[in-house]
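Structure first, then comments.
The values are calculated or read from the model by the stated rules, or taken from the named source; none is laboratory data. Everything numeric here is computed off the predicted structure, so don't read it as measured data. With ideal geometry, Cβ positions are generated from the backbone for all residues, glycine too; neighbour counts draw on all protein chains shown. Surface accessibility is based on the protein's heavy atoms, side chains included, excluding ligands, DNA and RNA. Shrake-Rupley method; radii C 1.70, N 1.55, O 1.52, S 1.80 Å.
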Amino acid sequence: MSLTDFASPWWLGFLVVVIALTVGYIWIQRRKQKHVLRFSNMELLESVAPARPNRLRHLPTALVLVGLLFLTIAMAGPTADERVPRNRATVMLVIDVSLSMEATDVEPTRLAAAQEAAKSFADGLTPGINLGLVAFAGTASVLVSPTANREATKSAIDKLQLSERTATGEAIFTSLQSIDTLGAILGGGDAAPPARIVLLSDGKQTVPQNLDDPRGGYTAARAAKDKGVPISTISFGTSYGSVEIEDEAGVERVPVPVDDPSLREIATLSGGSFFTASSLEDLRDVYDTLEEQIGFEITRGDASRPWLILGVLFISSGLGSALVMRQRLP
């Protein structure tokens, strides 16, 4: 319930009437008491008036007056923040499938854990959101265009395959193009539907190596900012992760630590948020947070119903108690 914002605050002027009724009731009760004390014969007074007035006699009137107070607040139209599921929103889930995602520092592997958490994320999003899927390594591919069909997205997540290199910027540009395409199809207003990119990666961009390159991650993040599409980046893995690389000389274990700085900067440049996760549980927690941020929006809504209910209940209680105690209405 809210007492700070009202849709029709002028109705609060009716509080003057409630206050006047309260003052009038008190004045009448005191006037009656003075009238009773005018009796000079105390023996006659004791036979006419009760030995001690029962204070409960004021209860019915008090309940009615409080009920009128609540109804006045209801008429003024109090408002409150409420969570409303988003509709016509677009989310692009972008998953790194470079070879470093084969590291086992996150059990069973980074990719397997990412797949499991991503499917839970897809299930948890509100139905009005269109979810798309982009996978990237040396290149980026739209595996599922934004759709409300969660099964299609989850099926594509199960089929993710590892590949060489990491083109983070290309993944962002591909996601923006997919968002623009859906926005053109949906239409329905001057403003495009709200959109968000959720990018999960574990390593530094390698294609191109310069993040400020025209197709680099920082350049793509600035483009996302210009389009009003924040990027929520998730740095997934640990600083001690490693993978085995087989070449002509044999098998070599190569360290693949996570790259927090670049992913944090991408989120900052785009106006989004940066998260870290070093386990499946951590990643699930991040996705739960994103589901709340993405799936719902806070709007001001009508909050008069609780006040209306209280007003009706108090007035009904006042009238009921009057009939029981006095056999008449107050």
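Which numbered condition trips up residue 286, out of (1) of a type in the set (Val, Ile, Thr); (2) assigned to a helix (DSSP H, G or I); (3) closer than 28 Å to residue 83 by Cα; (4) at pLDDT below 95?
(4)
Among the numbered criteria (1) over 29 Å from residue 78 (Cβ atoms); (2) in contact (Cβ under 8 Å) with a residue 60 or more places away in the chain; (3) open to solvent by 20 Å² or more (accessible area, probe 1.4 Å), which single criterion is violated by residue 263?
Going through the list (1) over 29 Å from residue 78 (Cβ atoms); (2) in contact (Cβ under 8 Å) with a residue 60 or more places away in the chain; (3) open to solvent by 20 Å² or more (accessible area, probe 1.4 Å), residue 263 breaks only (3).
Within region 24-38, is even one residue closer than 21 Å to residue 307 by Cβ and either modelled with pLDDT of 85 or more or open to solvent by less than 50 Å² (accessible area, probe 1.4 Å) (or both)?
Residues of region 24-38 that are closer than 21 Å to residue 307 by Cβ, as a first pass: none.
Scanning region 24-38, I find no residue that is closer than 21 Å to residue 307 by Cβ and either modelled with pLDDT of 85 or more or open to solvent by less than 50 Å² (accessible area, probe 1.4 Å) (or both), so the answer is no.
Quick check on my filter: what residues within region 70-96 are crowded, with 22+ Cβ neighbours inside 10 Å and either at pLDDT 95 or above or within 17 Å of residue 146 (Cβ to Cβ) (or both)?
90, 91, 92, 93, 94, 95, 96
Just checking, how many residues over region 134-169 are in contact (Cβ under 8 Å) with a residue 40 or more places away in the chain and touching a Pro at 6+ places or on another chain (Cβ under 9 Å)?
Counting residues in region 134-169 that are in contact (Cβ under 8 Å) with a residue 40 or more places away in the chain and touching a Pro at 6+ places or on another chain (Cβ under 9 Å) gives 2.
Just checking, how many residues over region 266-311 are farther than 17 Å from residue 118 by Cβ, loosely packed, with under 15 Cβ neighbours inside 10 Å and not acidic (Asp, Glu)?
Qualifying residue count for the region: 9.
Looking only at region 192-247, which residues are of a type in the set (Asp, Glu) and outside any helix (DSSP H, G or I)? Spell out how you get there, then give the answer.
Kept after step one, since they are of a type in the set (Asp, Glu), are these residues of region 192-247: 202, 212-213, 226, 244, 246-247.
Once the filter is applied, which keeps residues that are of a type in the set (Asp, Glu) and outside any helix (DSSP H, G or I), region 192-247 yields 202, 212, 213, 244, 246, 247.
Among the residues of region 139-161, which ones are within 23 Å of residue 259 (Cβ to Cβ) and open to solvent by 60 Å² or more (accessible area, probe 1.4 Å)?
Residues satisfying the conditions are 139, 161.
Quick one: which residue in 172, 179, 185 is touching a residue at least 60 places away in the same chain (Cβ under 8 Å) and over 17 Å from residue 96 (Cα atoms)?
On the way: 172 fails: over 17 Å from residue 96 (Cα atoms); 185 fails: touching a residue at least 60 places away in the same chain (Cβ under 8 Å).
Result: 179 is the single residue among 172, 179, 185 that is touching a residue at least 60 places away in the same chain (Cβ under 8 Å) and over 17 Å from residue 96 (Cα atoms).
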